[in-house]
Structures are given as structure tokens and as C-alpha cells.
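Read the structure below first, then the notes.
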Amino acid sequence: EKSGYEHFMLKEIHEQPKSLKDVLSGRINELTGDVELPEIKLTQEQINDIRRIVIVACGTSYHAGLAGKYVLEMLTDVPVSVEIGSEFRYSSSRTDHHTLIIALSQSGETADTAASVKDAVKKGAYVIAVTNTVGSTIARESQSTIYMRCGPEIGVAATKTFTSQLAVMYLLSIYLGRRRNTLNAYNAMKLLSDLKNLPRDAQAVLDQSEAIASYAKIFSRANLFLFVGRHLNYPVALEGALKLKEISYIFSEGFAAGELKHGPLALLTTGVPVIAITTKSPTYEKMISNIKEIKARDASVIAIASEGDEAISQLVDVVIRVPDVGEIVSPILSSIVLQLFAYHVAVCTGCPIDKPRNLAKSVTVE
Ligand code: M6R
């Protein structure tokens, strides 16, 4: 079943051109600059009435939620918060019929996320589930469900489902932005065309697997990895670190690059690898300053940069390129780089990649 791949994780990473195509299929209307999600049963009146959005999720899905928050807030006028499933119950914020809850869960069975959904429905909130699993608990408890259509994900490490969650969050943001009149058709069309090109762009990243494997090998003896990014690339950094730690058992942590000076810089010494997500975006220049700070401590920088950015090569130790796409869509491509990187580091450390110790594919206890 691994179709010739050594691990399910690698197979699933390579399936992303297809899973991205499937998640978008039939949901993009390029003529009207709109998104079609008939599974959302909200009326126009209910959409107008939304005063806040709360995204609830755990683990990798939580990281997709953090990215979703930035995009929802860019494209709609609704304030968004992102809550870890196991923490949501302690929040004293008010949940009522003006609240839209988005529950992100690949399995649809994560106990803490499911408990949050139940509680929110009881309080009168409208819940949209985003899941990969038809008929799962979270899908059944929610008023609407958007399926990710990834097919089964066997590797414990979430890969293709993460990039599809991001794609769904973008579709949903466009859907709500168009209906609340905060996003015009022209701007929506630009985003939709970037989304449509994702399967091709994802393939371009996968075509660099060998180079990424060789960089992973060079750094695989490190005992600490840091990942940094800003804005939408901050959740990409968090997810890159989670992926690496869960399958290679090497301590890794993601940071908002602006936080470096507030503590993490103290961890940097000669050769500590820092992965900097530095694709083209309004925060690019600030990332360059951070990279200079990191290099001044003699740490090693592996940059993920957009094609065509030649200047960055002078500043860092290794550059891994992703196609030069809009800042909203590029996190999907950078994440694929980081999945491959984590995978190949774990190959070098000899870990059981598809079944990391102590972890289960779905966490059904609270
Ligand atoms: O099924 P879910 O998306 O609700 O699962 C949430 C987390 O348990 C999951 O994303 C976990 O963090 C991944 N295995 C990490 O790769």
C-alpha cells in the first residue's frame, strides 16, 4: 500500500499535488471570484450576525487554525481567536449565537476538540467542522462539515491533511469575505488563481526532494533546531518544529521571529541550525534583520525563500526555494519543504517514522 515509498509519511507527502487538487475541486468559481461551499448551511442573515469566530483544534490542526486566523482577519471584518481544544473549556469568553466556531480535526475524533464543539453547540454557537473523516464524531456534532477529501492518512505525523486544512481555511475566508462584502471579486480572483496553481507548485517543491534530503543529512546530528517566521509564516515555523520533534525526537521549537530577542537568542551558539521561513511577504525585511541577528551568533541558517530572491544566498548557509506565489498561499509550499526536511532528518536518526513512540494517530482521551 505504500506504493513503493519506504514510509506512509513519504507517500502522503508526495500525494499533496493530488490532495490539494481534490480539496479545491468544484469549490472555486473563477468567473464570479467566489467560493462554493454548499455544505455551509448558514443563511445570509446568520453570516451578517457573526460577531466573532473561534477556531478550536489541537496539534497540527491548531497550527492550521493559527494561519487561518490571519487570513480570516485579512479577508473579513470579524475578530478571530484560536484555541487549543484542551484549553477552550477554561476560557471565560462568551460563546453564543453570534459566535461562529470552526473545529479543525483531521480525524474528527480528537476528544478535546469534540468536547469543545459539544459545549459550543449547547451555548447556541454555529459550528463548522473541517475534517477528513466522513461521519466522525465532530462531523456529526457540528451544524456544517467541510470535508478535506485527502483520503486516509496513515502516518501519525499529519502532512497532506495539514496543507488541505490550510486550503480549506483560505476557501472559507474567501467565502465569508465575499458574503460580508469585505472582499471584492477582483481580489478574490487573484487569490483563487494562486490556489488553483497549488498542485503544480507543490510538485515543484517535491521535485527538490533530493536536495532537501541532502541538507537534512548535513544537519541531522544537531540536538536542537529552531524554526522562525513572522505573520503567516509563524504557524509554519511552529508546524515545522512539531513535525521534526515528533518523528526525529530532536528537540525543536518554533518562534515568532520578533520574539527571538525576548529569550530564544540565548540558545544560539555556533552551528545551531535555525530554519527561517523568509518567503516574499510584507515582513521580508524584518526577517532579513532577524537572520543577521542569528548569524551574528554564529548559528547556521537554513532559509526557505522565494524563487528569484538571489540576495538571500549571501546571508545564509542553505537556501531552499519555493515558487514565488502570493504570501497567503506560500505557507502551504513552505510546509511541504519542512515535512520533507523532518522526514529526511528522521531517516538519518533511524526513528520509526510512521509510528513515533508514545503517539497515537488520534487522541480520543481528554
Ligand atoms: O485528528 P486531529 O486533527 O484532531 O488531531 C490533532 C492532533 O493530534 C494531530 O494534529 C497531531 O498533532 C499530529 N499527529 C501531528 O503530526
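Values quoted throughout were computed directly from the atomic coordinates according to the rules given, and no laboratory measurement underlies them. Predicted model only: the values in this text are computed from it and were never measured. Ideal geometry is used to build each Cβ from the backbone, glycine not excepted, and the neighbour counts take in all protein chains shown.
Here are the numbers:
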| read-out | value |
| --- | --- |
| At most 14 other Cβ within 10 Å, DSSP loop - trypsin sites (Lys or Arg not before Pro), segment 1-87 | K2, K41, R51 |
| Residues with amide H under 5 Å from that of T145, placed H, sequence gap 5 or more | A129 |
| In segment 34-89, the GluC sites (Glu not before Pro) that fall in loop regions by DSSP, at most 13 other Cβ within 10 Å | E36, E39 |
| Amide H partners (placed H, <5 Å) of A299, local residues excluded | G271 |
| Reach of K118 by Cα under 20 Å, taken over lysines that are not fewer than 8 positions away in the same chain | K41 |
| Trypsin sites (Lys or Arg not before Pro) restricted to segment 252-344 and DSSP loop, no more than 15 other C-beta within 10 Å | R297 |
| Per residue Cα convex hull volume in Å³ - calculated over segment 13-127 | 125 Å³ |
| Set of segment 55-70 residues, backbone N closer than 19 Å to the point 7 Å along the Cα-Cβ line of Y5 | 60-61 |
| Part-to-part distance (alpha-carbon centres) for segment 307-337 and segment 340-363, which is given in Å | 25 Å |
| Residue of C58, C348, C150 that the Gaussian network model of the chain assigns the largest fluctuation, springs spanning Cα pairs under 10 Å | C348 |
| Estimated FRET transfer efficiency (K21, A111; beta-carbon r; R0 35 Å; 0.05) | 0.65 |
| Span-like helix ranges in the chain, DSSP H, alpha carbon extent 20 angstrom or more, Kyte mean at least 1.0 | 330-349 |
| For a label point 7 Å along the Cα-to-beta-carbon line of S289, residues of segment 317-335 with backbone N under 12 Å | none |
| Residues of segment 85-112 with amide N under 18 Å of the 7 Å Cα→Cβ point at K41 | 97-103 |
| Cα→Cβ-extended label distance, 7 Å offset, between D96 and Q203, nm | 5.2 nm |
| Alpha carbon centroid spacing (whole Å) that separates segment 129-167 from segment 56-113 | 15 Å |
| Vicinal HN-Hα couplings computed from phi for segment 126-137 (Karplus, 6.51 cos²θ - 1.76 cosθ + 1.60; Hz; Gly/Pro x) | 9, 10, 9, 8, 10, 9, 9, 10, 5, x, 5, 3 |
| Computed [θ] at 222 nm, deg cm²/dmol, the chain (DSSP H ≥ 4; -39,500 (n - 2.57); rounded to nearest 500) | -13500 deg cm²/dmol |
| Förster radius 25 Å - calculated FRET efficiency between R89 and E259, Cβ distance, rounded to 0.05 | 0.40 |
| Other-chain or far-sequence residues with amide H under 5 Å of V319's (modelled H) | A303 |
| Label-point separation, K190 to L224 (7 Å along Cα→Cβ), nm | 4.1 nm |
